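Values quoted throughout were computed directly from the atomic coordinates according to the rules given, and no laboratory measurement underlies them. Small disclaimer: the values here were computed from a predicted structure and weren't measured. Cβ placement follows ideal geometry from the backbone for every residue including glycine, while neighbour counts extend to all protein chains displayed.
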Protein chains: 2
Amino acid sequence: MARKREALSAERIVQAALALIEREGLPEFSTRKLGAALGCEAMSIYHFFPSKQHLLDALVDRAIASIEIPDAALPPLERVRRLAYAYRAMAHRYPRLYPLVAVHRLNTPTGVRFIEAVLGMVREGTADDESAARLFRAVGYYLAGAAIDETAGYAKGPSAAEPVSGDFIEKQCPLLLRSAKYFQRPEWDKTFALGLEALLAAGTRPVPGRRRAKPRR
Amino acid sequence: MARKREALSAERIVQAALALIEREGLPEFSTRKLGAALGCEAMSIYHFFPSKQHLLDALVDRAIASIEIPDAALPPLERVRRLAYAYRAMAHRYPRLYPLVAVHRLNTPTGVRFIEAVLGMVREGTADDESAARLFRAVGYYLAGAAIDETAGYAKGPSAAEPVSGDFIEKQCPLLLRSAKYFQRPEWDKTFALGLEALLAAGTRPVPGRRRAKPRR
DNA sequence: ATCTTACCCTTACACCGTAAGATTGCAAGC
DNA sequence: GCTTGCAATCTTACGGTGTAAGGGTAAGAT
C-alpha cells in the first residue's frame with residue numbers, strides 16, 4: 001500500500017523465483033507463493049511464461065548461463081579445470097535449485113550450445129575426438145555427482161526418517177566416526193580437487209595404463 | 001471381480017509402488033494411482049506407511065539394500081570396483097526411481113550402515129583413514145553423477161522446451177556431432193570404466209603425484 | 001457374548017497447476 | 001474527447017494432490 005506495485009516482467013519473475021527457491025526450497029515453490037512474493041496473482045505469471053515448467057526452464061537456463069567461461073588464452077587443461085570449478089560454483093550459487101539443474105534435460109538450445117563450448121575446450125587438451133568425448137563425459141559425471149552431494153547430500157535430502165543419532169554412529173560405525181572429519185565442509189575443496197585432478201590427468205594422457213606402465217614392446 | 005482381492009501388506013505396497021514408478025515415472029506416482037494399482041483406496045496405504053514420504057523412504061531403502069556386496073575374499077581394490085558396478089547396476093534396475101535415490105538423505109539407519117560397509121571395504125585398499133574417506137567420497141561423486149546421467153541424462157530430464165533438431169546440431173555443433181557416437185548407450189560401459197579406473201588408481205596410490213612419480217627418498 | 005484390534009474405506013480440507021474468460025489501464029487513431 | 005484495441009492482470013473454477021479425522025467390519029481374545 002505504501003509503495004506502488006512494480007510492473008511484472010519475465011526478468012522480475014525469474015529473479016523472484018530464484019530468490020524464493022533459495023529461501024524456501026524447491027518443493028515449497030509454487031506459482032501461488034511466487035505470486036504472493038511478487039504482489040500479484042498466480043495467473044499473472046502465465047502472461048510471461050506459458051507454464052510453470054517453462055519458468056523452471058528459464059531458471060535452469062539462467063543457472064547454466066551463469067557459469068563463467070574461462071579465458072581462451074589459458075592453456076587447455078587449465079581452462080577445463082577452471083570450468084569445472086565454475087560449474088561447481090554455480091551449484092553453490094543456487095544450492096536449492098541445483099538438484100533440478102542436475103536432472104534437467106540438456107537437449108535444449110542453451111544446453112547444446114553449452115555442451116558444444118565445453119567440448120571445444122576439452123578437445124584442445126586431448127589427442128582426438130574420442131578422448132575428448134570420454135573425458136567430457138567422465139568429468140561431467142564427477143561434477144554432477146559432487147555438486148549434488150555438496151548441495152543436497154547426506155543430511156539435506158528428503159526423508160521422513162529421523163536422522164540417526166550420534167550415539168548410534170559412535171557405537172555402530174567406527175569407520176564413519178573416524179572418517180567424519182574428512183566429510184566436513186572445510187574438507188570439500190581438497191576432496192573435490194583430488195578426484196578432479198585424477199580424472200583430468202587420466203583423460204589428458206594417452207591411456208590410463210593398468211597396474212603400472214607396461215611398454216607394449 | 002474375478003479373483004478375490006489379495007490382502008494388503010507393506011511388501012505388496014512396496015512392490016506395486018516400484019512397478020508403478022518404473023512404468024509411469026516418479027512425477028506420475030501418487031497415492032491414489034498406487035491405490036488403483038493395488039485395488040484399494042489411497043488411504044488404505046496409510047495403515048502401513050504413515051506418509052507418502054515414509055513409503056518413498058522404504059523404496060529407497062529397498063534400492064540401496066539391493067546393491068550386491070562383493071565377496072570379502074576378493075582383493076580390496078577389486079571389491080571396491082565391483083561395488084561400484086553393483087551400485088551402477090542398482091541405478092539401472094530402478095532407472096525412474098534412481099534420481100530420488102541420488103538426492104535422498106543418507107543419514108538413516110540403512111544409509112549409515114551402507115556407508116560404514118563401503119568405508120570398510122575402501123579402507124582395506126588404502127594407506128590410512130584420510131585416503132579412504134576421500135576416495136570413498138570422490139568415487140561416490142562419480143558414481144552418483146554417472147548413474148544420474150545414465151538414467152536421467154541428456155534427453156530424459158524434465159523440460160517444456162522442444163528438443164533441439166538434428167538440423168540445428170548439424171549446423172551449429174560440429175564437435176557435438178562428431179562426439180555423439182561416443183555418447184551412445186553402447187559406449188557407456190567403456191566411458192564409465194575409464195573414469196572409475198582413473199579414480200581408483202589415483203586413490204589407492206599414496207599420493208596423486210604431479211607430473212610423474214617422484215620417490216620420496 | 002462382549003471387547004479389542006487390525007484393516008480398510010468415506011468424507012473432507014487445503015493446496016496445487018492451469019483453462020477460460022472478465023476486467024483494467026493505457027496508447028493510438030480519429 | 002472519444003473510441004478502439006491490445007497488453008497486463010485478476011477471478012473463477014476444475015481436476016488433481018497428500019492426508020487428517022473418523023467410520024465400519026471382521027477376526028480373534030476374553
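Over the range B:7-58, with a single point scatterer placed on each C-alpha, what log10 of the ratio I(q)/I(0) does the Debye formula yield at q = 0.20, 0.21, 0.27 1/Å?
Here the Debye-derived log intensity ratios amount to -0.58, -0.64, -1.13.
Bin width 10 Å, alpha-carbon pairs only: give the P(r) of the range A:75-156 as whole percents, running from 0 to the bin holding the largest distance.
Histogramming the range A:75-156 at 10 Å steps yields 17, 48, 29, 6, 0 percent.
Using alpha carbons only, how many degrees (0 to 90, rounded to 10) separate the axis of helix A:76-93 from the longest principal axis of chain A?
Approximately 30 degrees, to the nearest 10.
Measure off 7 Å from each Cα along the Cα-to-Cβ vector at B:Glu170 and A:Ala19, then give the distance between these two points in nanometres to one decimal.
Reported label-point gap for B:Glu170 and A:Ala19 is 4.7 nm.
Subtract the Cα-Cα distance of B:Arg178 and B:Ala155 from 0.36 nm times their separation in residues, and report this length gain in nm to one decimal.
Values: separation 23, 0.36 × 23 = 8.28 nm, distance 1.78 nm.
That works out to 6.5 nm of additional length.
What is the diffusion coefficient of the protein assembly as shown in µm²/s, taking the Kirkwood radius over Cα pairs and the Stokes-Einstein relation at 25 °C with a viscosity of 0.890 mPa s?
The diffusion coefficient I find is 104 µm²/s.
Roughly how many debye, to the nearest 20, is the charge dipole of the range B:144-198 about its Cα centre, given +1 on each Lys and Arg Cβ, -1 on each Asp and Glu Cβ, and no other charges? Could you put the intermediate results ahead of the total?
Details: 6 positive and 8 negative charges, 22 e Å.
The dipole magnitude comes to about 100 debye.
Taking springs between alpha-carbon atoms closer than 10 angstrom, which of B:Arg62, B:Arg81, B:Arg178 fluctuates most in the Gaussian network model of chain B?
With Cα springs under 10 Å in chain B, the top fluctuation among B:Arg62, B:Arg81, B:Arg178 is at B:Arg178.
Among B:Ser131, A:Ile45, A:Gln15, which residue has its Cα furthest toward the positive end of the charge dipole of the protein assembly as shown, with +1 on Lys/Arg Cβ and -1 on Asp/Glu Cβ?
Toward the positive end, the furthest listed residue is B:Ser131.
What is the dipole size for chain B, taken about its Cα centre, with +1 at each Lys and Arg Cβ and -1 at each Asp and Glu Cβ, in debye to the nearest 20?
That gives chain B a dipole magnitude of about 600 debye.
Treating the angle as unsigned and between 0 and 90°, give the value, to the nearest 10°, between the Cα long axis of helix A:185-204 and the longest Cα principal axis of chain A.
Taking the Cα atoms of chain A, the angle to A:185-204 is about 50 degrees.
Rounded to the nearest 500, what is chain A's calculated 222 nm mean residue ellipticity when only DSSP H runs of at least 4 contribute -39500 (n - 2.57) each, over all residues?
Helices in chain A give a 222 nm mean residue ellipticity of -19500 deg cm²/dmol.
If you line up the long axis of helix B:109-123 against the longest principal axis of chain B, both from Cα atoms, how many degrees apart are they, to the nearest 10?
20
Given a 10 angstrom Cα cut-off, can you work out which residue in B:Val164, B:Val14, B:Val60 is the most mobile in a GNM of chain B?
Highest fluctuation of the listed residues: B:Val164.
Using Cα springs under 10 Å in a Gaussian network model of chain B, which residue among B:Leu59, B:Leu176, B:Leu194 shows the largest mean-square fluctuation?
Answer for the Gaussian network model of chain B: B:Leu176.
If you line up the Cα atoms of the range A:54-120 on their principal axes, what length do they span on each, largest first, in Å?
Here the Cα extents, ordered largest to smallest, are 37, 24, 15 Å.
Compute, for the protein assembly as shown, the length of the dipole vector about the Cα centre, with Cβ point charges of +1 (Lys, Arg) and -1 (Asp, Glu) only. Units Debye, rounded to 20.
With Lys and Arg at +1 and Asp and Glu at -1, about 1120 debye.
Note down the Stokes-Einstein diffusion coefficient of the range B:81-129 in µm²/s, whole number, using a Kirkwood radius over alpha carbon pairs, 37 °C, and 0.692 mPa s.
270
Quick one: plug the Kirkwood hydrodynamic radius of the range A:14-102 (C-alpha pairs) into Stokes-Einstein at 10 °C, 1.306 mPa s, and report D in µm²/s. Mind showing how you got there, number by number?
Working: Rh = 14.3 Å.
Diffusion coefficient, whole number: 111 µm²/s.
Can you give me the distance in nm between label points at A:Glu187 and B:Glu6, each placed 7 Å from the Cα along the Cα-to-Cβ direction?
Placing both labels 7 Å beyond Cα along the Cβ direction yields 4.6 nm.
Report the local net charge at B:Pro109: Lys and Arg +1, Asp and Glu -1, summed over other residues whose C-beta lies under 13 Å from its C-beta.
Once all neighbours under 13 Å are counted, the net charge is -2.
With only alpha-carbon pairs counted, each pair once and no self-pairs, how large is the Kirkwood hydrodynamic radius of chain A in angstroms? Write down the numbers at each step before the final one.
Details: mean 1/r = 0.0492 Å⁻¹.
Result for chain A, one decimal place: 20.3 Å.
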